[in-house]
Amino acid sequence: MDDPSESSPAPVIRRPEDRRAIIDRDPPSAIPPDPPPPPPSILETRLAKRRPPQSQAVMSLGDHLEELRTRFIHAIVGIGLFFLVSLYFGPTILNWLIWPVQRALRAEGLSPSLLATGMFETFFTYLKISTVGAILLGFPWILWQAWKFVAPGLYRYEQRFVTMLLPMSLILAILSSLFLYFVVLPVMLHFFVHFGATVSPEKAAIAPLPANVSLLSLPVLTADPPAPKPGDAWFNSELKELRLALSAPNGAVRIYSTALSTSTGIVLQPRIQEWVDSFLGLALAFAAGFQLPVVVLLLGWVGIVTPAFLAQYRKHALFVIAVIAALLTPPDPISMIILMAPLWLLYEFGIIMLRLFPASRLAGKARREADGEPAEG
């Protein structure tokens, strides 16, 4: 007869006290192992994937504010360092800004000197240029600090959108400044300076010379002589100035000058502050206009427009671009056309970029990884 203990099934353990009784009665080897936990469902897997890391989950509002304060301080310190660099190169930047005006004035036979009518005008213009230069030089640093603050809270597919748009926006802003300085300004300034120099020409009377009268002859030079003596006079054709060397109280030779211009009833001499403000305003307007591809990509990614829609309403877009160009440029048709052409090309470039990089393609693989799904390929 078989032993009943060999054929009887193992006891079912339902309570801790039952398990304790079996441990006291049987050896540990006879205790059955605990059953494995059930596998997580697909919904639980996706929710676990969507949860932020533990370091982000336990980050309090105070920690966020502390991180924001740190990034803000880093950005301000960086801008301060760039401001010191801009102060050092401030005269060079100022000369670089007024050079297009001086070239346009020289081309019309006018004095290339700009006017300062206030005691503090030149100094505050110098500070304004240094401040704007510091912001422009430090803008990538500011973006980097903002990215370091925002990036930990974004998924990888969301980071791909940002890392594509920010460099594109920065490159377009740089291209807008170069286009304004080397293409738009020469044409625009030539039009306005030529108009101001010829709108009201002054005609002087012509009569024969009286007896025993001869004209004074001065040398015309393209540069000042190296060592003029007191009493020497000459005309500098580059500066459009009549220059005279006189003795200074300390014994040195000092050069005095007076600006000359062509015969016209209107003397055109721009103010330094007005020109710098105009240039900065135009630079800001052109930088905003050149962000058109970024705007097209954003509208396409959120589903407002499609490449087919943009191509269908191309004529309407051309009309809007013409209105924008008319508002951003001075009231002359040449400057308007010069701005319309690149804006139109940027509109077409935005359509091409939207076709090459739709939202589904840019975020597909990374979004599937964030959702816990296998990536294709």
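The values are calculated or read from the model by the stated rules, or taken from the named source; none is laboratory data. These figures come from a predicted structure and were not determined experimentally. Here Cβ is always computed from backbone atoms with ideal geometry, including for glycine, and neighbour counts include all displayed protein chains.
Observations, loosely collected:
- Exclusive hit being in contact (Cβ under 8 Å) with a residue 24 or more places away in the chain, aliphatic (A, V, I, L, M) and surrounded by 15 or more Cβ atoms within 10 Å (Cβ to Cβ), set Leu244, Leu318, Leu282: Leu282
- Filter result for the condition that a residue is of a type outside the set (A, V, I, L, M), touching an Asp or Glu at 6+ places or on another chain (Cβ under 9 Å) and over 18 Å from Leu362 (Cβ atoms), over Phe139, Phe149: Phe149
- For the stretch 304-327, the condition of being assigned to a loop (DSSP other than H, G, I, E, B), modelled with pLDDT of 85 or more, within 22 Å of Phe182 (Cα to Cα) and out of contact with any strand residue (DSSP E or B) (no Cβ under 6 Å at 6 or more places or on another chain) holds for none of the residues.
- Sub-6 Å Cβ pairs linking a first residue in the stretch 109-133 that is in the same structural domain as Asp277 (by TED's automatic domain parsing) and within 27 Å of Phe82 (Cα to Cα) to a second residue that is surrounded by 20 or more Cβ atoms within 10 Å (Cβ to Cβ) and of a type in the set (Gly, Ala, Ser), at least 6 apart or interchain, are Ser130/Ser86; Gly133/Ser86, ordered by first then second residue.
The rows are residues; the columns are (1) among the aliphatic types (A, V, I, L, M); (2) under 23 Å from the mean Cα position of the chain (by Cα); (3) over 26 Å from Leu143 (Cα atoms).
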{"residue": "Asp63", "(1), (2), (3)": "no, no, no"}
{"residue": "Gly80", "(1), (2), (3)": "no, yes, no"}
{"residue": "Pro91", "(1), (2), (3)": "no, yes, yes"}
{"residue": "Leu105", "(1), (2), (3)": "yes, no, yes"}
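- Considering the conditions (1) of a type outside the set (Asp, Glu); (2) modelled with pLDDT of 90 or more; (3) loosely packed, with under 12 Cβ neighbours inside 10 Å; (4) closer than 30 Å to Asn236 by Cα, Thr117 is excluded by exactly one of them, (2).
- Yes/no for Pro230 being surrounded by 10 or more Cβ atoms within 10 Å (Cβ to Cβ) and more than 51 Å from the chain's Cα centre (by Cα): yes
- Residue match in the stretch 99-113 (condition: outside any loop (DSSP other than H, G, I, E, B), exposed (fewer than 14 other Cβ atoms within 10 Å of the Cβ) and not aromatic (Phe, Trp, Tyr)): no
- Taking the stretch 138-159 as the range and being touching a residue at least 12 places away in the same chain (Cβ under 8 Å) and either under 15 Å from the mean Cα position of the chain (by Cα) or not assigned by TED's automatic domain parsing to the domain that holds Phe82 (or both) as the test, the residues that pass are Gly138, Phe139, Pro140, Trp141, Ile142, Leu143, Ala146.
- Residue in the stretch 258-265 that is in contact (Cβ under 8 Å) with a residue 40 or more places away in the chain, assigned to a strand (DSSP E or B), of a type in the set (A, V, I, L, M, F, W, C) and surrounded by fewer than 18 Cβ atoms within 10 Å (Cβ to Cβ) present: yes
- Number of the condition not met by Phe235 [criteria: (1) closer than 30 Å to Phe179 by Cα; (2) assigned to a strand (DSSP E or B)]: (1)
- Per-region count, the stretch 160-188, residues more than 19 Å from Val132 (Cβ to Cβ) and touching a residue at least 12 places away in the same chain (Cβ under 8 Å): 11
- Residue in the stretch 341-348 that is over 12 Å from Phe290 (Cα atoms), part of a helix (DSSP H, G or I) and over 22 Å from the mean Cα position of the chain (by Cα) present: no
- Within the stretch 149-205, considering residues that are closer than 20 Å to Leu260 by Cα, modelled with pLDDT under 85 and of a type in the set (A, V, I, L, M), the one surrounded by the fewest Cβ atoms within 10 Å (Cβ to Cβ): Ala205
- Among the residues making up the stretch 328-340, a single one is outside any helix (DSSP H, G or I) and crowded, with 18+ Cβ neighbours inside 10 Å: Thr329.
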